[in-house]
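The values are calculated or read from the model by the stated rules, or taken from the named source; none is laboratory data. Keep in mind that what you see is a predicted model, and the values were worked out from it rather than measured. Surface areas here come from the heavy atoms of the whole protein model, side chains and all, with no ligands, DNA or RNA. Shrake-Rupley method; radii C 1.70, N 1.55, O 1.52, S 1.80 Å.
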Amino acid sequence: MNKLETITELLINELADFEKNVQQLGDQIERAESLRIKFDLSPIKGLISQLEELGRRETERREQYLDRLQRNLQQAKIYPKWAVITFMVFFGISLSTGFYAYNLKSDMENEKNEAFLQGERNGIMHLEQFLKETPGATKLYDQWRIHKSKK
């Protein structure tokens, strides 16, 4: 039994030490909880206010930039008005000139054909008049025509 008593005594001593350590730990926790640590935030408050001011200024700049961009986009056009008007006037003048030139050329062709037909009629009438006025010329013309057809 001697060993059992020794083991029991050791266990009792260990439990007593454990309780003593638990008590010390509880006291230390209470002391740590009751301790109030004060942080000096004054330098950080200055930095925070500077950061807030910088953020506010950047927000204002961004909003101004976006407003200016939106105004520019609303006013933006692919081509300026004067360029569009000039192009339309030039295009209209070009179309009118082209149409006028086409009509002028077609009228000239018609006049050319009419002049050719008129010249042909005048030539035939002149030849007929000549042949009527000079009876010997008809005989010579017939000889010439026969001679030409044999060749």
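Worth pointing out:
- Accessible area of the chain belonging to carbon and sulfur atoms, whole % at 1.4 Å probe: 62 percent
- Lysines with Cα under 19 Å of residue 148, excluding same-chain neighbours fewer than 8 positions away: 139
- Taking the longest Cα principal axis of the chain as reference, the axis of helix 2-34 is set at about 60 degrees.
- Taking the convex hull of Cα positions in the chain, its mean projected area over all directions (nm²): 39.7 nm²
- Kirkwood's formula applied to the C-alpha pairs of the stretch 35-103 gives a hydrodynamic radius of 18.3 angstrom.
- Reciprocal mean inverse distance between Cα atoms of the stretch 87-151 - Kirkwood radius, Å: 16.0 Å
- Residue among 76, 137, 16 with the largest mean-square fluctuation in a Gaussian network model of the chain, springs linking Cα atoms under 10 Å: 16
- Listed residues 75, 24, 129, most fluctuating in the chain (Gaussian network, C-alpha, under 10 Å): 24
- Taking the helices alone, the chain has a mean residue ellipticity at 222 nm of -33000 deg cm²/dmol, built from -39,500 (n - 2.57) per DSSP H run of at least 4 residues and averaged over all its residues.
- GNM on the chain, alpha-carbon springs under 10 angstrom: the most fluctuating residue among 107, 67, 17 is 17.
- Inter-centroid distance (Cα atoms) of the stretch 47-89 relative to the stretch 117-151, Å: 91 Å
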